[in-house]
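Trainee: Sharing a structure, written as structure tokens. Questions coming.
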Amino acid sequence: MKLYIFPILFAVLGRGLFAQELNIALQLRPRYEYRNGYKTLLTDKRDPASLVSQRSRINMNFENEKLEVKLSFQNIRVWGDVPTLNTSDRNNLMVYQAYGSYAPDEKWSFKLGRQELVYDNQRIFGKVDWAQQGRTHDAFLVTFKPDHRHRIDFGLSVSSENENLSEENYGINNYKNMQFLWYHLNFKHSALSILALNTGYEFTDDLTGERNTQYLQTAGGFYKFQYNNLVVSSSVYGQYGEQNGSNVRAWNAGIDLNYRVSDTWRTGAGYEYLSGTDMNKVQGTVKSFNPLFGTNHAFNGFMDYFYVGNHINSVGLHDVYAKAGYHKNKLDIVLQPHLFRAAASVLNENNGIMKDYLGIEADLVARYRLYKHIDLSFGYSRMFGSSSLEVLKGGNAGKLQHWAWISVNFNPVIFNTVHN
């Protein structure tokens with residue numbers, strides 16, 4: 001290539017950039033964890049675990065008046081998962097987001113590709129940012145905004161393991177297809193959202209061995225009210241359809257209150273109910289609610305005993321919690337205790353009904369902004385479990401069950417150009 005081509009190329013690119021934006025950012029997030037009862041009660045014979053996980057992500061975003069293209073790559077690893085002299089990586093570079101979006105006018109936009117789906121308080125759809133890998137969907141999304149008060153999103157997805165020439169079984173733990181409709185309406189001091197979601201999962205019949213797609217519907221609403229120092233949000237969702245050969249009839253409801261006492265102090269309380277199925281029910285309707293694609297780490301305690309890769313199709317949950325927060329300058333501290341009860345019957349080994357009390361968890365989280373591109377976070381949690389929790393999780397509730405972590409989050413923007 002002749003050298004004189006480079007000045008021409010830069011001139012063309014520079015000329016185009018006058019009406020567009022290009023942003024390139026990095027994220028490096030190592031996190032140390034001490035796990036002594038994280039997600040499940042530890043037994044007397046098992047020792048606690050210590051580990052460091054790390055997310056390394058690069059985000060590239062191009063945008064102008066009508067077009068947006070985003071590429072995001074990441075590597076997720078645990079320190080020591082390969083030797084220091086390694087010829088291959090256990091977790092190679094993977095695509096986190098890769099989508100294109102086109103907006104022909106101010107009302108319509110169309111997004112296609114791998115993308116985050118985040119709605120309301122992230123109970124049903126969330127990006128699960130606590131998990132190092134995060135959550136994204138391969139989807140087609142249509143957004144319609146007739147004015148500043150109304151918004152309608154319609155999304156759909158279809159899944160396949162390979163570029164098949166004929167229909168093949170889908171063996172990945174994921175939906176076979178998905179469709180949803182989300183409507184959002186803004187008021188003066190509040191906002192209302194309505195969600196209708198249909199997910200199809202492949203199911204193998206134990207008698208015939210045939211695979212077919214069963215559909216689960218989730219529908220409900222989210223409401224948020226904000227006035228002066230008070231913020232109140234509530235939600236109700238119902239779930240019905242078929243799952244693993246059984247009919248599903250389940251529901252979820254929650255309310256969350258937050259009040260800013262001063263510029264420094266905040267307080268709040270809340271309650272959430274997720275319906276469950278009695279342990280002695282082997283056939284019939286499943287009443288256990290599944291929050292599906294939500295950021296479940298943000299709910300029901302940070303120790304992730306419930307609905308974070310576990311507690312699905314179980315006895316459900318009552319979660320009563322309070323919270324107190326402190327904020328000043330670069331420091332944020334939040335203390336949040338939870339009281340957990342089962343929403344359905346817990347049975348011991350003799351089929352005797354046990355108390356629904358599962359335990360109390362206390363969570364403490366602190367975050368400090370070291371620099372404009374560096375955050376330091378720390379957390380400590382302790383679970384005071386009951387004998388009923390032992391039935392559900394195993395382990396010894398009488399043993400000290402606690403969890404601690406510390407994380408450093410580097411978020412530099414390495415290139416950013418905006419031209420009008």
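The values are calculated or read from the model by the stated rules, or taken from the named source; none is laboratory data. Everything numeric here is computed off the predicted structure, so don't read it as measured data. Because the Cβ atoms are built from the backbone with ideal geometry, glycine has one as well, and the counts that use them run over all protein chains shown. For the accessible areas, the whole protein counts, side chains as well, though only heavy atoms, and no ligand, DNA or RNA atoms are used. Shrake-Rupley method; radii C 1.70, N 1.55, O 1.52, S 1.80 Å.
Trainee: Going through region 226-244 one residue at a time, which ones are assigned to a strand (DSSP E or B) and loosely packed, with under 15 Cβ neighbours inside 10 Å?
Mentor: Filtering region 226-244 for residues assigned to a strand (DSSP E or B) gives 226-227, 230-243.
Of everything in region 226-244, those that are assigned to a strand (DSSP E or B) and loosely packed, with under 15 Cβ neighbours inside 10 Å turn out to be Gln226, Tyr227, Leu230.
Trainee: Output the residue which, of all residues in region 123-173 that are of a type in the set (S, T, N, Q), within 22 Å of the chain's Cα centre (by Cα) and open to solvent by 60 Å² or more (accessible area, probe 1.4 Å), is modelled with the lowest pLDDT.
Mentor: Residues of region 123-173 that are of a type in the set (S, T, N, Q), as a first pass: 132-133, 136, 143, 157, 159-160, 162, 164, 166, 169, 173.
Filter once more, keeping what is within 22 Å of the chain's Cα centre (by Cα): 132-133, 136, 143, 157, 159, 173.
Retained after the next criterion (residues that are open to solvent by 60 Å² or more (accessible area, probe 1.4 Å)): 133, 173.
Numbers: Gln133: 97, Asn173: 91.
Out of the qualifying residues, it is Asn173.
Trainee: Could you check region 327-353 and list, in sequence order, the residues that are among the aliphatic types (A, V, I, L, M), surrounded by fewer than 19 Cβ atoms within 10 Å (Cβ to Cβ) and either in contact with a helix residue (DSSP H, G or I) (Cβ under 6 Å, 6 or more places away or on another chain) or without any contact (Cβ under 8 Å) to a residue 40 or more places away in the chain (or both)?
Mentor: Within region 327-353, Leu331, Ile333, Val334, Leu335, Leu339, Ile353 qualify.
Trainee: Now a separate question. Regarding Leu358, is this residue in contact with a Phe, Trp or Tyr (Cβ under 8 Å, 6 or more places away or on another chain), of a type in the set (A, V, I, L, M, F, W, C) and closer than 21 Å to Asn396 by Cα?
Mentor: Yes, satisfied.
Trainee: Can you name every residue in region 69-95 that is outside any loop (DSSP other than H, G, I, E, B) and of a type outside the set (Phe, Trp, Tyr)? Lay out the reasoning, then the answer.
Mentor: Just the residues of region 69-95 that are outside any loop (DSSP other than H, G, I, E, B), to begin with: 69-78, 94-95.
Once the filter is applied, which keeps residues that are outside any loop (DSSP other than H, G, I, E, B) and of a type outside the set (Phe, Trp, Tyr), region 69-95 yields Val69, Lys70, Leu71, Ser72, Gln74, Asn75, Ile76, Arg77, Val78, Met94, Val95.
Trainee: Quick one: Lys66 ticks every box in (1) under 14 Å from Asn411 (Cα atoms); (2) of a type in the set (Lys, Arg); (3) surrounded by fewer than 16 Cβ atoms within 10 Å (Cβ to Cβ) except a single one, so which number is it?
Mentor: Checking Lys66 against (1) under 14 Å from Asn411 (Cα atoms); (2) of a type in the set (Lys, Arg); (3) surrounded by fewer than 16 Cβ atoms within 10 Å (Cβ to Cβ), the one that fails is (1).
Trainee: Taking only pairs six or more apart or across chains, which ones have beta-carbon atoms under 7 Å, a first residue in region 110-122 that is within 12 Å of Ala298 (Cβ to Cβ) and touching a residue at least 60 places away in the same chain (Cβ under 8 Å), and a second residue that is aliphatic (A, V, I, L, M) and open to solvent by 50 Å² or more (accessible area, probe 1.4 Å)?
Mentor: Gln122/Ala298
Trainee: Out of all the residues in region 178-217, which are within 25 Å of the chain's Cα centre (by Cα), open to solvent by 40 Å² or more (accessible area, probe 1.4 Å) and aromatic (Phe, Trp, Tyr)?
Mentor: Tyr183, Tyr201, Tyr215, listed by residue number.
Trainee: Here is a list of conditions, (1) aliphatic (A, V, I, L, M); (2) within 25 Å of Tyr32 (Cα to Cα); (3) touching a residue at least 40 places away in the same chain (Cβ under 8 Å), and Ala366 meets all of them except one; can you say which number that is?
Mentor: Failed condition: (3).
Trainee: Residue check: is Lys372 farther than 30 Å from Thr43 by Cβ and basic (Lys, Arg)?
Mentor: Details: farther than 30 Å from Thr43 by Cβ: yes; basic (Lys, Arg): yes.
It is true that Lys372 is farther than 30 Å from Thr43 by Cβ and basic (Lys, Arg).
Trainee: On to the next question. If I ask for residues that are surrounded by fewer than 11 Cβ atoms within 10 Å (Cβ to Cβ), more than 19 Å from Tyr32 (Cα to Cα) and among the small types (Gly, Ala, Ser), which ones from region 69-92 would you list?
Mentor: Residue satisfying the conditions is Ser88 alone.
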